[in-house]
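A.B. asks: Dropping the structure in here first, questions after.
Every number in this text was worked out from the coordinates using simple rules, so none of it is lab data. What you see is a predicted model; the values in this text were computed from it and never measured. Every residue, glycine as well, gets a Cβ built from its backbone with ideal geometry; the counts of neighbours run over all protein chains shown.
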Amino acid sequence: MDMDFDMFQQLLDSAKNKSDNTVAARFYDRLIKSDKLDENGLPVFDTVCFVEIRMRDCHDVFDQPADADKIQRFPTEYNRYLLAKKQVEKGAPLDQFAFLTAAEIETLKFRGIFTVEALAELDEEKARLIGVSSENKAAKLFLQQAKGHKALIEAQKREERYLAEIDFLKSQIEKLRRLNNRAKK
């Protein structure tokens with residue numbers, strides 16, 4: 001994680017040196033239907049890197065496949081995209097972390113943190129420096145509880161207790177019915 005944090009720090013430093021603040025770019029993956037079919041006759045989709053370009057004070061969005069020119073023009077944004085892909089391959093995307101708001105997720109992504117695991121791996125000092133201490137603690141707790149599916153196991157145990165209690169109550173009801181039927185005769 002330290003290597004990722006260092007890489008992100010370099011991204012921030014290079015972004016500060018950029019003079020063009022009128023254009024913003026975002027690289028992302030999009031699934032594009034190819035001409036191929038799989039063994040079941042269904043279309044095959046390819047993952048293609050796209051770039052979305054926005055200009056200040058303009059509502060138009062230029063969205064197109066990323067090419068070498070766009071990568072060279074927006075190296076900081078492209079490196080952020082690569083960093084996100086690298087982290088997401090090894091962990092759960094922040095979008096899957098129910099304890100974060102959309103604003104917190106975007107703030108973390110802006111700071112180069114794209115997965116729950118990357119958030120939890122931050123040491124307390126780095127988390128404090130970038131203002132994500134509470135999110136860091138929540139991620140650590142979440143991963144700790146998720147380890148070994150602790151919450152799922154506890155829920156299964158509760159369900160087993162409820163089912164056993166239901167079976168016991170059903171048997172009690174059946175006994176009362178039999179006693180009631182005997183009393184009526």
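A.B. asks: Of Lys109/Lys140; Lys70/Lys126; Lys36/Lys70, which sit over 23 Å apart, Cα to Cα?
C.D. replies: Working: Lys109/Lys140 18 Å; Lys70/Lys126 32 Å; Lys36/Lys70 28 Å.
Flagged as over cut-off: Lys70/Lys126; Lys36/Lys70.
A.B. asks: Provide Cys49, Cys58 in ascending order of the number of other Cβ atoms located within 10 Å of each residue's Cβ, fewest first.
C.D. replies: On the way: Cys49 17, Cys58 10.
Listed from fewest to most nearby Cβ atoms, that is Cys58, Cys49.
A.B. asks: Still on this model: For the range 92-185, take the alpha-carbon Rg, divide it by the Kirkwood Rh, and send me Rg/Rh.
C.D. replies: Details: Rg = 24.5 Å, Rh = 16.8 Å.
Rg/Rh for the range 92-185 comes to 1.46.
A.B. asks: Per residue of the range 87-100, what does 6.51 cos²θ - 1.76 cosθ + 1.60 with θ = phi - 60° give for ³J(HN,Hα)? Whole Hz please, x for Gly and Pro, Karplus curve as stated.
C.D. replies: Values, residue by residue: 5, 5, 5, 9, x, 8, x, 4, 4, 7, 8, 5, 8, 10 Hz.
A.B. asks: Using Cα springs under 10 Å in a Gaussian network model of the chain, which residue among Gln96, Gln145, Gln156 shows the largest mean-square fluctuation?
C.D. replies: Residue with maximal mean-square fluctuation among Gln96, Gln145, Gln156: Gln156.
A.B. asks: Might you report the magnitude of the Cβ-based charge dipole of the chain about its Cα centre, with Lys and Arg at +1 and Asp and Glu at -1, to the nearest 20 debye?
C.D. replies: On the way: 32 positive and 33 negative charges, 354 e Å.
The calculated dipole for the chain is roughly 1700 debye.
A.B. asks: Could you tell me which of Cys49, Tyr81, Val116 has its Cα farthest along the dipole of the chain towards the positive end, charges placed at Cβ (Lys, Arg +1; Asp, Glu -1), taken about the Cα centre?
C.D. replies: Of the options given, the answer is Val116.
A.B. asks: Please check: in the Gaussian network model of the chain (C-alpha springs, under 10 Å), which one of Phe110, Phe97, Phe168 has the largest mean-square fluctuation.
C.D. replies: Answer for the Gaussian network model of the chain: Phe168.
A.B. asks: If you don't mind, there's one more thing I want to ask. Throw me the Rg/Rh for the chain, computed over C-alpha atoms with Kirkwood Rh, two decimals.
C.D. replies: Numbers: Rg = 26.6 Å, Rh = 21.0 Å.
With Rh from the inverse mean 1/r over Cα pairs, Rg/Rh is 1.27.
A.B. asks: Ranked by Cβ crowding within 10 angstrom, fewest neighbours first, how are Arg128, Arg80, Arg26 ordered?
C.D. replies: Values: Arg128 12, Arg80 23, Arg26 16.
So the residues, fewest neighbours to most, are Arg128, Arg26, Arg80.
A.B. asks: Follow-up question, since we're still on this one. Rounded to the nearest 500, what is the chain's calculated 222 nm mean residue ellipticity when only DSSP H runs of at least 4 contribute -39500 (n - 2.57) each, over all residues?
C.D. replies: Details: 8 runs with 107 residues, N = 185.
Calculated at 222 nm, the ellipticity per residue is -18500 deg cm²/dmol.
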